[in-house]
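A short worksheet on the structure shown next.
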Amino acid sequence: MKLAFPKRTAIFGVLLSASAPVALAAQAPVIDVSSSSQTSQAQATGSLSEQLASVERKLDSRNRAQVNIQRQLDDMQNQVNELRGVTELHTHQLSQVLERQRELYQELDRRVSEALKPSAQVPSTIAVETSPISQSYSDDLTENEAYDKALNLVLKDKRYEEAIPAFHSFNQAYPQSTYAPNAHYWLGQLLFNKGELAQAEQEFTFVVEQFKDSSKRPDALLKLAMVAQQQSQTAKAINLYRQLLSEYPESTSAQLAKPRLESLMQ
C-alpha cells in the first residue's frame with residue numbers, strides 16, 4: 001500500500017504538468033487577420049464611392065450650368081438675328097424713302113423749270129393785254145405789294161416776260177428788303193430759263209455773296225453750278241456742286257446736286 005500512493009502522486013503531477021500548456025494556450029487572445037483586412041477594404045471602397053458620387057454630382061451640376069448658359073447664348077443670338085433683320089429692313093426702307101425723295105426733288109426741279117418757261121402757244125403781248133392783274137395794282141405800291149405783284153406774275157399768271165422788269169424794279173426800289181434774296185433769285189431763274197446765262201449768273205452770285213444767311217443761298221449755288229455746266233465750265237461746276245454739298249448737305253438743293261455732280265465725275 002505504501003508503494004501505491006507515491007505512484008498516484010507522480011501520475012497526478014504528470015497530468016498537471018501536461019495540462020498546463022493547454023490552459024495557457026486557451027487563455028491567449030485570438031486575432032482574425034482576414035476579417036480586419038476585409039473591413040479596411042470595405043471602408044476604403046465606401047470612401048471611394050462617396051468621392052466618385054461627389055464628383056459625379058459636381059459634374060452634373062456643371063453640365064446643367066453649361067446647358068443653361070448655352071441656352072441663354074442661343075436665345076441672345078436669336079434676338080441679335082431678329083434685331084439685325086429689323087435693322088436691315090429699316091435700312092432698306094430708309095434707302096427707298098431717300099431714293100423716292102431724290103426723285104421727287106428732281107421732278108419738282110423739272111416742273112419748276114417747265115413752269116417758268118415762256119408759253120409758246122400764247123404770245124406775251126396777248127397775255128399782257130388779257131391779264132387783269134396789272135389793273136389791280138396802282139403806282140403807289142408798298143414793299144409787300146410790289147413783291148407779291150412780281151411773284152404772282154410768275155406763279156399765277158405765268159407772264160414771265162413781264163415778271164423780269166417787275167423784279168428788276170423791286171430790287172432797285174427795295175435793295176434792303178427782306179424779300180431781296182428771293183427777288184434776285186427769281187430774277188436769275190427767269191433769266192436762266194430764257195438762256196441769258198451771263199445775267200442769270202450775276203443774280204445768283206449776288207444772292208450767294210450778299211445773303212449768306214438766306215434760305216435761297218443753297219438754291220442759288222445750285223443754279224450757279226448749272227450755269228457753269230451749261231457754259232461747259234466743268235471744273236467750275238464741280239467746285240460749286242461740292243461747295244453746295246459741303247455747306248448745305250441736308251438741303252433739297254444738295255439732293256439735286258448729287259446726281260449732277262456724279263454725272264460730271266464719270
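Can you confirm whether the range 213-230 contains a residue that is assigned to a helix (DSSP H, G or I) and without any contact (Cβ under 8 Å) to a residue 12 or more places away in the chain? For the range 213-230, residues assigned to a helix (DSSP H, G or I) and without any contact (Cβ under 8 Å) to a residue 12 or more places away in the chain: absent.
Is at least one residue of the range 194-209 closer than 29 Å to residue 148 by Cα, out of contact with any Gly (no Cβ under 9 Å at 6 or more places or on another chain), surrounded by 19 or more Cβ atoms within 10 Å (Cβ to Cβ) and not small (Gly, Ala, Ser)? Steps first, please.
Going residue by residue through the range 194-209, those that are closer than 29 Å to residue 148 by Cα are 194-209.
Right, trim to out of contact with any Gly (no Cβ under 9 Å at 6 or more places or on another chain) and you get 194-198, 208-209.
From the residues that got through so far, the ones that are surrounded by 19 or more Cβ atoms within 10 Å (Cβ to Cβ) too are 208.
This time we only want the ones that are not small (Gly, Ala, Ser), so: 208.
Within the range 194-209, one or more residues are closer than 29 Å to residue 148 by Cα, out of contact with any Gly (no Cβ under 9 Å at 6 or more places or on another chain), surrounded by 19 or more Cβ atoms within 10 Å (Cβ to Cβ) and not small (Gly, Ala, Ser).
Close contacts from the range 181-210, counting a first residue that is touching a residue at least 12 places away in the same chain (Cβ under 8 Å) and a second that is outside any helix (DSSP H, G or I) and of a type in the set (Lys, Arg), with Cβ to Cβ under 6 Å and a gap of 6+ residues or different chains, come to 181/216; 182/216; 185/216; 193/117; 207/216.
Listed here are the residues, each with its yes/no results for (1) under 41 Å from the mean Cα position of the chain (by Cα); (2) in a helix (DSSP H, G or I).
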{"residue": "165", "(1), (2)": "no, yes"}
{"residue": "169", "(1), (2)": "no, yes"}
{"residue": "189", "(1), (2)": "yes, yes"}
{"residue": "236", "(1), (2)": "yes, yes"}
{"residue": "246", "(1), (2)": "yes, yes"}
{"residue": "250", "(1), (2)": "yes, no"}
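State the number of residues belonging to the range 242-257 that are surrounded by fewer than 18 Cβ atoms within 10 Å (Cβ to Cβ), touching a residue at least 24 places away in the same chain (Cβ under 8 Å) and of a type in the set (S, T, N, Q). Residues that pass the stated criteria total 1.
Just so you know, all these numbers are worked out from the coordinates, no wet-lab data involved. It should be emphasised that the depicted structure is a prediction, and the values quoted were computed from it without experimental measurement. Cβ atoms come from the backbone with ideal geometry, glycine included; neighbour counts cover every protein chain shown.
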